[in-house]
Amino acid sequence: MVTATVGPTSPLASASFPSLAPSPASPTSGKSASSQSGGEPIVKRVYAYAHGFLSDESSFKGRHLQQLLAFRNAHLHLLNLNGGIGEGMGGISYSRGLAAIRALYDKEGGQENNVKLTLVGSSLGGYVAARFAELYPEAVEKLVLFCPGFDSQARWPRRLGEAALRAWEMEGHRDFEARRGVVRVPWSFIEDGCRHPPFPSYTAPALIIHGLRDEVVPVETTTVSLLEQGGGQLKERTQVVLVDDDHGLTQPATLAVASGAILDFLQISAPAGDPDENGAGEEGEGQGAISAADHIEVEAKLALPEDRRALEERILAAGGELKCTVIMTDIYWDLDGEAFSLSNVWLRQRSGVWELKVPAVEGERPNTQTIACYREINDVRDIAAWLVNTFPAQLGRLHHLPLAKMLAAAGAHPIASYTTRRSKFVIRTTDDDKEKGSDEGRKSQSHKLYIDIDETSFGFGLVEVEELVAGHGDIPAAKARIQHCAHELLGLAEIDDVIRGKLERYILLHNPAHHQRLVRQGVFKN
């Protein structure tokens, strides 16, 4: 059995609500970007990929993601964790991986140039990326981890067996089959790993993509050991996407889901004229022609039937497809006097990333309607500017501060915190575009609807059917498609009543007095 004595690590807080911590600004192309509004600092964003065990900088996923980001004018550096050219795959070690990331950080100008790294890592590279973020929190903005190799020292005995592990130690090396032949890995690789904790306590927002059939790093390493046993703060800053794949995560459907999820998480938009904005082909999980950075969300909330399996079967029978399962934690913030919520303004951190939801039409009360329409703002600078302009009495004097510091100085506090496990389906509907040309030139348009089956940590379940649109003129048709999908295709009840959403149900359960004030204000329906 492999034993390890690790050095001191950051203690995990157990408070039910976090303190406000500096929030990263949204990524740009990797060059320095100044703030046009608010006090977000000028940063130089750098993207880097760390490969896995028995691999190198030419790995398939690394090259795939490099191409994906290159089309969006962002360069992904492909790192070599094996010690550089000439060392070979057997030279890999945790320390060399950390050194490779540090070398890139220093080369790009480091703290002097306010470099912020977005680290993408696969398997062992995912662990190294998370460990670097723990050791150098000021250097890392976001993490994207593919089946991260956490708890490796406990996994090696199960993977090889105690006898093989002892032989590796006695002989001082072990031979492994790799795609380019046999690779000899020294025992010092294991010794080096024992110097690091099994689960790094990173502070940057993280997106983890994990295969349900992972045979190398069991998915429970992420869903149970990391999220459930690793402490509340790791769960609060980590979003997990579970896909039907193995450790390699190279199936086309997986790459499509991963590509869309990554672009949304990093808030990287496609250049003008991109016919397929999510960059992941027809099956991507990005928002297609709708920018994920600022869009209108048309959404119906429906009661979750008792027979959930029957609902899922109806979705599949109607042509829907289960894309992935998402585990995420939402924390909603408000000012003293409930200024945000009483104004129907909803500011949240979703797994550590700031988002703002406001009525799509000024003066409307979406939560009192059967199909709600919200505008979602994801760029942290735009969020800060919108809040300052809307709440000048509370925030005007703090406009020079970054969003998180501005909120902290204004006394913002959390009003809700819960985790959602979401089964995400996509279904496509078509309609006839009669406005373009004559009947002979009529063509069918395809529309993508998202069907989310949500179950929360406080025992509430919900079905959401939504479509993302670019402008107000698209809202009526989207509402009709949602009504048709929910009632005709899925056999759910007619959308003729307002169903409480997750946030409203949470407030009702945990702060009924606040809920009553929101009802009196017209934010929620009585």
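Condition first: of a type in the set (A, V, I, L, M) and either assigned to a loop (DSSP other than H, G, I, E, B) or free of Cβ contacts under 8 Å to residues at least 60 places away in the same chain (or both). Now tell me which residues in region 205-246 satisfy that. Scanning region 205-246 gives Leu212, Val216, Val217, Val219, Val224, Leu227. Which is exposed (fewer than 13 other Cβ atoms within 10 Å of the Cβ) and more than 29 Å from Thr250 (Cα to Cα), of Glu169, Glu215, Glu191, Glu162? Residue meeting the stated conditions: Glu162.
Selection of region 254-272 for residues being surrounded by 17 or more Cβ atoms within 10 Å (Cβ to Cβ), in contact (Cβ under 8 Å) with a residue 40 or more places away in the chain and either assigned to a loop (DSSP other than H, G, I, E, B) or in contact with a strand residue (DSSP E or B) (Cβ under 9 Å, 6 or more places away or on another chain) (or both) yields Thr254, Val257, Ala258, Ala261, Ile262, Phe265, Leu266, Gln267, Ile268, Ser269, Ala270. The single condition among (1) without any contact (Cβ under 8 Å) to a residue 60 or more places away in the chain; (2) in a loop (DSSP other than H, G, I, E, B) that Met170 does not meet is (2). Residues that are farther than 25 Å from Pro218 by Cα and free of Cβ contacts under 8 Å to residues at least 40 places away in the same chain are absent from region 115-132 altogether.
I need the full set of residues from region 207-243 which are of a type in the set (S, T, N, Q) and under 13 Å from the mean Cα position of the chain (by Cα), in order please.
Those that are of a type in the set (S, T, N, Q) and under 13 Å from the mean Cα position of the chain (by Cα): Thr238, Gln239.
From the list Pro366, Pro402, the lone residue that is assigned by TED's automatic domain parsing to the domain that holds Gln516, modelled with pLDDT under 90 and crowded, with 17+ Cβ neighbours inside 10 Å is Pro366. Of the helices (runs of 4 or more DSSP H) entirely within region 356-431, those holding at least 1 residues that are within 27 Å of the chain's Cα centre (by Cα) and closer than 25 Å to Asp454 by Cβ occupy 380-390. Among the residues of region 191-204, are any farther than 21 Å from Asp56 by Cβ and free of Cβ contacts under 8 Å to residues at least 24 places away in the same chain? Checked against the condition, which is being farther than 21 Å from Asp56 by Cβ and free of Cβ contacts under 8 Å to residues at least 24 places away in the same chain, region 191-204 yields at least one hit.
Against the condition more than 30 Å from Ile331 (Cα to Cα) and either part of a strand (DSSP E or B) or in contact with a helix residue (DSSP H, G or I) (Cβ under 8 Å, 6 or more places away or on another chain) (or both), how does Glu177 come out, does it pass? Yes, satisfied. Scanning region 22-60 for residues that are of a type in the set (D, E, K, R), at pLDDT 75 or above and surrounded by fewer than 23 Cβ atoms within 10 Å (Cβ to Cβ) turns up Lys44, Asp56, Glu57.
The values are calculated or read from the model by the stated rules, or taken from the named source; none is laboratory data. Here the structure is a predicted model, which means the values were calculated and not measured. For neighbour counting, all protein chains shown are included, and Cβ atoms are generated from backbone atoms with ideal geometry for every residue, glycine included.
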